[in-house]
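Worksheet for the structure shown next.
The values are calculated or read from the model by the stated rules, or taken from the named source; none is laboratory data. Source: prediction; values computed, not measured. Positions of Cβ are generated from backbone atoms using ideal geometry, with glycine treated the same way; all protein chains shown enter the neighbour counts.
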Amino acid sequence: MSTTADEVINTIALSFTDFPEDVQLNILSFLTPLDISNFACTSKRFVTLCRDDRKLWFSMCERKWGSKTHINKWGNGMISYKILYYTLLQYENLIGFWRRSGVETDVPLVFFEWGRFYVAGSRVKPSKTGSYDAVKMPFLWMGITSKGEVVNYLDPVGKLELNENVMNLDDLGVVESDLVPVNVNFMGKNHVVVEENGSGFGYSARGSSSSSGNVREEEYEDLCGSPGSLPDKLMSEIYQYFANKTSPGGNGSARRQRRRERERQGRRKWEPEDYVKIVNPLPTPDRPLQGLWKGFCDDTTLEFFLVSYDDIGGIACRRLVELCKPFSAYAPVFWTSNTTFIRSPLSSEEENIYESRMHIQPLSEADEPCEVLPSSDKRVILCMHFMNSSYDLVIPDLAGSTVNPRQAEGRIWQYEDGTFGFGFLRDNYIIDLRCIAQNGQILEVADFSGE
Amino acid sequence: MITLQSSDKDVFEIEQSILIQSGTIKNMVEDDFTFIPLPSVDTETLIKIIEYMKKHADKTDSKEKNIKEFDKDFMKKTLNELFALVFAANYLHISSLLELLYPSIADRIKDKITEAIRQIFSIRCDFTPEEERRIIMDNKWAHEGTEIEGTLD
């Protein structure tokens, strides 16, 4: 080889076009749809590649959500992956913990998680068996039909088992009165409304999703696109559907008959349900008390709590059921400032306060219910906070203060294992709290059938 | 010890235990090869590949933070170098390196307009001006509501 040829070879830039296609797809799978559209215009070859739904858009879905759900099973593997991408982008916002808002309920907590080819919503409540278990009751199923329509079902009885890759009401083979088709509409990023689909078909028209506050607003608008692109075809189908009350795949008279039957069965109309996202469900190194916790305040009832940090250094703990009431009264379980803590080792006076108390244990776990054992267990205290059970400023000896300091004052003991306990000076108990979830999973889930 | 030979005929002697991170080399070693010519990998790139494999050979927990730092710095190369690494890692079947390279390369064209992407990726435009205009119109849906502010950096 001549030297000149070597020099020439070394100065030629390698091109993206020289890569094998699978390498190109792997690189492109990291881009957003906007970047893809800019890239697509670079050459004829790439216009074609970027239009290839099964290759490119599948890679993009797989890259973002492949580890969480079975991309090729959604819509029975028959849908456009471009549609799936935008759908999953919306569903992704749901994953995590939400709480019911504006209504008094004893099951306020809801957890959304990825399923094999759907997103599942479950109500989560404390077990009544006297253990630390949480009970998870699936009630909402969200997916896509093989025709690419988004469908959501409310399953009040919690019986549905999604084993088939189908989400068509007709194909599900369950008694219809059990399932309620619903729309899940986003009102901004942290608020959804689940309401019954008036037309009775569970086909949530994409256009009916409030896009006002969607995170990827520009990409949502991409979907309602200009003439010729797929989204617009979908939109016109949707308009047709509402105009003619004819579903893309159904038979008008069969539907009417089913609806009459449902009405005859006296099916209750579901009120819309509002949910607000629990933005910080887990503790962090900077905020070790933050998140969703569970514990026993007496020896028989497990309760859920939410501890939040505010912008001015305050930390408040509330019962979850209280938080969800309309016009929720602001009395917290306890309140403290994150500057009021003392690291171990504690003074002997404080050690005494801790040691002389009894940890409340559920009856099922205590060897003898009435055992008054000093806390000689393995809990190692990392640090301690002063706290109050009231927001009222508690100044000792201040004449006219409505709160007796001793009534309101208490302690929080943070343990080495990441959990914490709290107690008030007015009594001799310690309430120990544990995390409800970790790493995206709910801990200690009871068998539903055990309830 | 295994001997690798680059396309420039330079040779490198490396322990087998380090080299089996490459699926291709692993197969050849299992077939009892001790001298492995790599006509598609030049010396400069091979040196980098060996550096990567040496660092990743010892994957004990304590080294994990170290390795992450190394990986971050390793990606700070010119695009041409990264492309050369992709070709080599693809041929040698070093999947952990490829998984690092893909997003790093994708990053280079994030938020860039089409012409910038062509220059960065050395893609030749084969459209007539008329065709190009039509393609951009077709793709306009993606730009609605956003300002087209690309950079040529």
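The table for this structure:
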read-out: Complete set of residues in the range A:28-46 that are more than 7 Å from chain B (Cβ to nearest Cβ) and among the β-branched types (Val, Ile, Thr); value: A:32, A:36
read-out: Failed criterion for residue A:74 (all others in (1) free of Cβ contacts under 8 Å to residues at least 60 places away in the same chain; (2) in contact with a Cys (Cβ under 9 Å, 6 or more places away or on another chain) hold); value: (1)
read-out: Selection from the range B:100-123 of residues that are over 18 Å from residue A:37 (Cβ atoms), assigned to a helix (DSSP H, G or I) and at the interface with another protein chain (Cβ under 7 Å from one of its Cβ atoms); value: B:102, B:103, B:105
read-out: Conditions (1) farther than 29 Å from residue B:25 by Cβ; (2) of a type outside the set (Asp, Glu); (3) within 10 Å of chain A (Cβ to nearest Cβ): number failed by residue B:128; value: (3)
read-out: Any hit, the range A:71-86, residues being touching a strand residue (DSSP E or B) at 6+ places or on another chain (Cβ under 6 Å), at pLDDT 90 or above and more than 26 Å from residue B:117 (Cβ to Cβ); value: no
read-out: Which listed residue is under 12 Å from the mean Cα position of the chain (by Cα), within 28 Å of residue B:7 (Cα to Cα), more than 13 Å from every other protein chain (Cβ to nearest Cβ) and modelled with pLDDT of 90 or more, from B:72, B:77, B:48; value: B:48
read-out: Residues of the range A:34-55 satisfying the condition of being touching a helix residue (DSSP H, G or I) at 6+ places or on another chain (Cβ under 6 Å) and closer than 19 Å to residue A:144 by Cβ; value: A:53
read-out: Some residue of the range A:77-92 being surrounded by fewer than 18 Cβ atoms within 10 Å (Cβ to Cβ), of a type in the set (S, T, N, Q) and within 19 Å of the chain's Cα centre (by Cα); value: no
read-out: Any hit, the range A:95-117, residues being surrounded by fewer than 20 Cβ atoms within 10 Å (Cβ to Cβ), among the aliphatic types (A, V, I, L, M), in the same structural domain as residue A:136 (by the TED database) and touching a helix residue (DSSP H, G or I) at 6+ places or on another chain (Cβ under 9 Å); value: yes
read-out: Counted residues, the range B:65-99 - those being out of contact with any His (no Cβ under 9 Å at 6 or more places or on another chain), assigned to a helix (DSSP H, G or I) and under 16 Å from residue B:49 (Cβ atoms); value: 18
read-out: Unique residue being modelled with pLDDT of 90 or more, part of a helix (DSSP H, G or I) and within 11 Å of chain B (Cβ to nearest Cβ) when the list is A:56, A:49, A:25; value: A:25
